[in-house]
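**Student:** One structure, as C-alpha cells, below. Some questions next.
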Amino acid sequence: MIEMAQYLIVVLVTIGIVMVTVLLHVAYLTYFERKILGWMQDRMGPMEVGYHGLLQPIADGLKLFFKEDIVPAQANKVIFTLAPILVLVPALIGFAVIPFGRDTIQIFGLTFRPYVTDINIGILYILAFASIGAYGVLLGGWASNNKYSLLGGLRSAAQVISYELSLGLSIVGVLLLAGSLSLVKITEAQGGGMFHWFIIPQFVAFVIYLISAIAETNRLPFDLPEAESELVAGFFTEYSGMRFAFFFLAEYANMILVSCIATILFLGGWHAPFEALSFIPPILWFVGKVYLFLFFYIWIRGTLPRLRYDQLMMFGWKVMIPLALANILVTSVVLYFVKG
Amino acid sequence: MKRLKRLFQQILFLEILAGMAATFKHLFVRPITIQYPHEKRVLPNGYRGFIALLRYDDGTDKCVGCDLCEAACPSRVITVISAEVEGQPLKRYAREYAMDMTRCVFCGLCVEACPVNALGMTKEYEYATYDKRNLNLNKEQLLAIGDRAFPVRETRVEFQHPHAAFFNVAKRGYPAK
C-alpha cells in the first residue's frame, strides 16, 4: 500500500513538473519566435512589456483569458468545444515518454526519474497520439460553420496524412539501428560521442524527418491549413478566447514535441557530443539541442514563403515517401551485411 | 551538364540554403526600429507640423489681418476676422483668428502667403486628442504654439528699418499680456 502511494506521488509530481515546464517553454517559445523573426526582419520584436518584452507571453495569456468566448451561430457546439481539447491533449500527452535527462534524483527517499514513463513502444505511442491531433483540427474546421475553417480543416487532413507517412517511414531507419521503440533505449544506443549519433548513418532520414515535422506541425512553409493570406486563420478562424489559446498552445507544444523527438532520434538525446563536455548536465544538453531545432523551425519560417497546394502534395508523395522507402531499404540491407 | 548542375542544386536545396544564409545574416543587423514614444527621430528643418501665429519681441502679434492666408488656404482651414485700430484706419489687426486643424493638409501655402511673416510652421506633430473640437484652435492657442515653438522673436519692422511701411503695426498690447 505504501509502495503504491509512493509510486503515485512520484508519478504525479513528475507529471506536474513536466507539464509546468513544457507549458512555460511553450509560452516563452512564442516570445522566442517573435524576437527571432523580428531580428531577421531588422525589427526588435516585443519590447514594451517588461525588460525587452520578457513578460509579453504572460500579458498575452492574461489577455486571452479575458477575451469573450464566442460560439458562432449554427455551429455544432459539442464538437466546437471538443476540438481544441482534442488538439491540445495529444500535443501534451506525448511528453510523457520523452526522456529529458539521464540521472535519477533522490528526494525524501523517493526516486524521481527525468521522464514520466518509459514504455517499450514509446515512439509508436507518440505517433499514434499525433494522428489524433489531426481529428481536432478537422472537427474544429467542420464544426465552425465557416467556409474558411472547413477548407483549412480539409487541407490539414490531407497534409497530415501525406506527411505522416514519410514521418513514420523516416523513423524506421533509426529503429532498425537502435533495435527498440523505447525512447530511452534509442537514446542509450547513441552513447559515446557525437560520431555515434544516428544523424550520421541516417542523414537522409534526418532531413526527411525535419521537413515532414514542419508539415506535421502546420508551420511555414507548409502552413496551408492556417494560411493567413488566403484562409483568414484556417481551421481556427471562428475560435476566440481560451479555445483559440488551446489551438495556439497545441501548435507550439507540437513544435517542442517534434523537436524533442528529433533530438532523441538523431542527435543523441541527452548525450554530450564529446566526453570532455560531459561535465555539463545531460538535461542541459537535451534542452540545448531542442532549442537548436526550435531555432531552425523559426529560421525556416523567417526565410521561406508558403508552398502551393499541388506543390505540397507532389513533394510529399513523389519525393519524400520514395526517399524514405529507399532509405529503409538501404539501411536494412547494410545492416544485414554489417551485423550479419 | 547544365541540367545536371541544376538537379544537383535542387537535391541539396542550395537555393533554400542561400535564402537561409541571408536571413541569418540579418539576425546581426542593427534593428532600424525607433521606439517611438521613448525615442523620437530628429526632424529636418523645414518640417511642416502645427501652424503657429507669431509675435514681435515686444509681445504684439505680427498679424495685420489681411486675409491672404485665408485666401491661399486650399482646404479652408483659416478664418480671419479683421478689424481696424480705432482712429487709425490704415492699421488693421486680426480680431479673431481660427484654424480648424482637422482639415489642415499642412501644405504651408498660408505661411508663404503671409506678407508679414506672421505665420510659421513648427515641428510639433503630436496633436492626437480624444475630442475633435480640441483641434479647432483660436488665436490665443495659435499664439501659444508660436511662443512655444519660436522662443526667439523678431523685432518690430519699424525698429529694424526706420523706413519700413508704417501701417504694418498691430494694435499695441493686443492681446493683453
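**Student:** Does residue A:243 qualify as being in contact (Cβ under 8 Å) with a residue 24 or more places away in the chain, of a type in the set (Lys, Arg) and in a loop (DSSP other than H, G, I, E, B)?
**Tutor:** No; evaluated as a whole, the condition is false for this residue.
**Student:** Could I ask something else about it? In this structure, is residue A:107 β-branched (Val, Ile, Thr), touching a residue at least 12 places away in the same chain (Cβ under 8 Å) and away from chain B (no Cβ under 14 Å)?
**Tutor:** Details: β-branched (Val, Ile, Thr): yes; touching a residue at least 12 places away in the same chain (Cβ under 8 Å): no; away from chain B (no Cβ under 14 Å): yes.
It is false that residue A:107 is β-branched (Val, Ile, Thr), touching a residue at least 12 places away in the same chain (Cβ under 8 Å) and away from chain B (no Cβ under 14 Å).
**Student:** Exactly one condition in (1) closer than 30 Å to residue A:70 by Cβ; (2) outside any loop (DSSP other than H, G, I, E, B) is false for residue A:170; which is it?
**Tutor:** All conditions pass for residue A:170, except number (1).
**Student:** Still on this structure, I have one more. If you check residue A:247 against the conditions, is it out of contact with any strand residue (DSSP E or B) (no Cβ under 8 Å at 6 or more places or on another chain) and at pLDDT below 90? Working first, answer last.
**Tutor:** Details: out of contact with any strand residue (DSSP E or B) (no Cβ under 8 Å at 6 or more places or on another chain): yes; at pLDDT below 90: yes.
Yes; evaluated as a whole, the condition is true for this residue.
**Student:** Okay, next question. Among the residues of the stretch B:115-135, which ones are farther than 21 Å from residue B:153 by Cα and either of a type in the set (S, T, N, Q) or in a loop (DSSP other than H, G, I, E, B) (or both)? Even if it seems obvious, please write down each step before you answer.
**Tutor:** At the first step, the residues of the stretch B:115-135 found to be farther than 21 Å from residue B:153 by Cα are B:125-135.
Within the stretch B:115-135, B:125, B:126, B:127, B:128, B:129, B:130, B:131, B:134 qualify.
**Student:** Would you confirm, using the coordinates I've provided, whether residue A:26 is more than 20 Å from residue A:250 (Cβ to Cβ) and touching a Leu at 6+ places or on another chain (Cβ under 7 Å)?
**Tutor:** No: the conditions fail for residue A:26.
**Student:** I would also like to ask the following. Has the stretch A:179-189 got any residue that is hydrophobic (A, V, I, L, M, F, W, C), in a helix (DSSP H, G or I) and under 20 Å from residue A:91 (Cβ atoms)? Break it down stepwise before answering.
**Tutor:** Taking the stretch A:179-189 first, the residues hydrophobic (A, V, I, L, M, F, W, C) are A:181, A:183-184, A:186, A:189.
Imposing the further condition that a residue be in a helix (DSSP H, G or I) reduces the set to A:183-184, A:186.
Then drop every residue that is not under 20 Å from residue A:91 (Cβ atoms), which leaves A:183.
Yes, that holds for at least one residue.
**Student:** For the stretch A:193-203, does any single residue satisfy the condition of being touching a helix residue (DSSP H, G or I) at 6+ places or on another chain (Cβ under 8 Å) and either in a helix (DSSP H, G or I) or of a type in the set (Ser, Thr, Tyr) (or both)?
**Tutor:** Checking the stretch A:193-203: not a single residue is touching a helix residue (DSSP H, G or I) at 6+ places or on another chain (Cβ under 8 Å) and either in a helix (DSSP H, G or I) or of a type in the set (Ser, Thr, Tyr) (or both).
**Student:** Taking residue B:112 as meeting all but one of (1) part of a helix (DSSP H, G or I); (2) crowded, with 16+ Cβ neighbours inside 10 Å; (3) of a type outside the set (Gly, Ala, Ser), write down the number of the exception.
**Tutor:** (2)
The rows are residues; the columns are (1) among the hydroxyl-bearing types (Ser, Thr, Tyr); (2) modelled with pLDDT of 85 or more; (3) over 19 Å from the mean Cα position of the chain (by Cα).
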| site | (1), (2), (3) |
| --- | --- |
| A:2 | no, no, yes |
| A:24 | no, yes, no |
| A:27 | no, yes, no |
| A:30 | yes, yes, no |
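**Student:** May I ask you to list the residues in the stretch A:219-258 that are polar (S, T, N, Q) and surrounded by fewer than 24 Cβ atoms within 10 Å (Cβ to Cβ)?
**Tutor:** A:229, A:237, A:240
**Student:** Could you grab the pairs with beta carbons closer than 7 Å, sequence gap of 6+ or different chains, first residue in the stretch A:1-15 and over 12 Å from residue A:111 (Cβ atoms), second one in a helix (DSSP H, G or I)?
**Tutor:** Close Cβ pairs satisfying both conditions: none exist.
**Student:** Pairs needed: first member in the stretch B:4-31, more than 10 Å from every other protein chain (Cβ to nearest Cβ); second member anywhere, in a loop (DSSP other than H, G, I, E, B); C-beta distance under 8 Å; at least 6 residues apart or different chains.
**Tutor:** Hits for this filter: zero, empty list.
**Student:** Could you tell me which residue of the stretch A:261-293 is nearest to the chain's Cα centre (by Cα), considering only residues that are part of a loop (DSSP other than H, G, I, E, B) and of a type in the set (A, V, I, L, M, F, W, C)?
**Tutor:** Taking the stretch A:261-293 as the starting set, the residues that turn out to be part of a loop (DSSP other than H, G, I, E, B) are A:267-274, A:278-281.
Pick out the ones that are also of a type in the set (A, V, I, L, M, F, W, C) and you get A:267, A:270, A:272, A:274, A:279-280.
Values: A:267: 15, A:270: 17, A:272: 22, A:274: 27, A:279: 28, A:280: 25 Å.
The selected residue is A:267.
**Student:** While we're looking at this one, here's another question. Within the stretch B:64-80, track down each residue that is surrounded by 13 or more Cβ atoms within 10 Å (Cβ to Cβ) and either of a type in the set (A, V, I, L, M, F, W, C) or in a strand (DSSP E or B) (or both).
**Tutor:** The answer is B:64, B:66, B:68, B:69, B:72, B:73, B:77, B:78, B:79, B:80.
**Student:** So, in the stretch A:21-38, exactly how many residues are surrounded by fewer than 19 Cβ atoms within 10 Å (Cβ to Cβ) and of a type in the set (A, V, I, L, M, F, W, C)?
**Tutor:** 5
**Student:** Also: Please list, ordered by residue number, the helices (runs of 4 or more DSSP H) wholly in the stretch A:1-101 having 1 or more residues that are small (Gly, Ala, Ser) and within 14 Å of chain B (Cβ to nearest Cβ). Don't jump to the end; show me each part of the working.
**Tutor:** Numbers: elements: A:2-40, A:56-65, A:77-93.
Ranges flagged: A:2-40.
**Student:** Check whether at least one residue in the stretch B:38-48 is free of Cβ contacts under 8 Å to residues at least 24 places away in the same chain, farther than 17 Å from residue B:122 by Cα, surrounded by fewer than 17 Cβ atoms within 10 Å (Cβ to Cβ) and within 14 Å of chain A (Cβ to nearest Cβ), and report yes or no.
**Tutor:** Within the stretch B:38-48, one or more residues are free of Cβ contacts under 8 Å to residues at least 24 places away in the same chain, farther than 17 Å from residue B:122 by Cα, surrounded by fewer than 17 Cβ atoms within 10 Å (Cβ to Cβ) and within 14 Å of chain A (Cβ to nearest Cβ).
**Student:** Something else: Which ones in the stretch A:34-66 are under 28 Å from residue A:143 (Cβ atoms) and within 27 Å of the chain's Cα centre (by Cα)?
**Tutor:** A:60, A:61, A:62, A:63, A:64, A:65
The values are calculated or read from the model by the stated rules, or taken from the named source; none is laboratory data. Nothing here was measured: the structure is a model prediction, and the numbers come from that model. Note that we place each Cβ from the backbone using ideal geometry, even for glycine, and neighbour counts take in every protein chain shown.
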